[in-house]
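Worksheet: the structure to be examined is printed underneath.
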Amino acid sequence: HNTSLGQAAGITEEQVQIIGSDDYMSSNLLSEREKAAVLWAEHVTKNTARSRDDVFERVRSIFDEQEIVELTMICGLFNFRNRYMDSLHIPLEPMEEVDKIKTSGRLNTDNLKAYLQFVLENWPETFPEPNPDT
C-alpha cells in the first residue's frame, strides 16, 4: 500500500528497493533530504528516535522544525494505521485496487488550471453573513 502511494508521488521502483534495504544511506538514488527523511521514519517507527541524538541532529541539519513535526506526524500516522489494521485483522484491499493509486496521484495541471479559472470567473462579489442562531 505505501509503495503504491510513494510511486504515485514519483518514487521510482529503484528507489523503493533501496529504501527497503539497509544501504539507503549510501545510495546515490536518494537526495540527502530523502535519506534523512527515511532515516527519521526508520527511527520513529522503531521508537529509537528519542534516544538517538545523532539521528535527530542529522535530521535537524536538513529540515526545519515544522518539517520535522510534519515528518514525525506522518510517520506516526502510518505506524498507527498499520498497527490498527493488523491488530484488528482488517483485510487490505486487493493489490490491483491499491495499484490504481499509482496513476490517480498524477494531477493533470491543465485540468487544474481550467478549474481554478472557472472558480475565479464565478467567484461571488459578496458572501452571505453567517447566521448567529445556527
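The values are calculated or read from the model by the stated rules, or taken from the named source; none is laboratory data. Treat the numbers as computed from the prediction; the structure is a model and nothing was measured. Ideal geometry is used to build each Cβ from the backbone, glycine not excepted, and the neighbour counts take in all protein chains shown. Ligands, DNA and RNA are excluded from the accessible area calculation, which covers all protein heavy atoms including side chains. Shrake-Rupley method; radii C 1.70, N 1.55, O 1.52, S 1.80 Å.
Applying the criterion of being hydroxyl-bearing (Ser, Thr, Tyr) and within 24 Å of Val16 (Cβ to Cβ) to the residues of segment 34-67, the residue that is farthest from the chain's Cα centre (by Cα) is Thr48.
Apart from one condition, Trp123 fits all of (1) under 22 Å from Ser4 (Cβ atoms); (2) modelled with pLDDT under 85; the exception is (1).
Looking only at segment 32-52, residues that are open to solvent by 60 Å² or more (accessible area, probe 1.4 Å) and either at positive phi or of a type outside the set (Ser, Thr, Tyr) (or both) come to 7 in all. Of the helices (runs of 4 or more DSSP H) lying entirely inside segment 1-67, those containing at least 3 residues that are over 29 Å from Asp99 (Cβ atoms) and of a type outside the set (Ser, Thr, Tyr) are 53-62. Number of residues in segment 21-31 that are open to solvent by 30 Å² or more (accessible area, probe 1.4 Å) and under 16 Å from His43 (Cβ atoms) equals 2.
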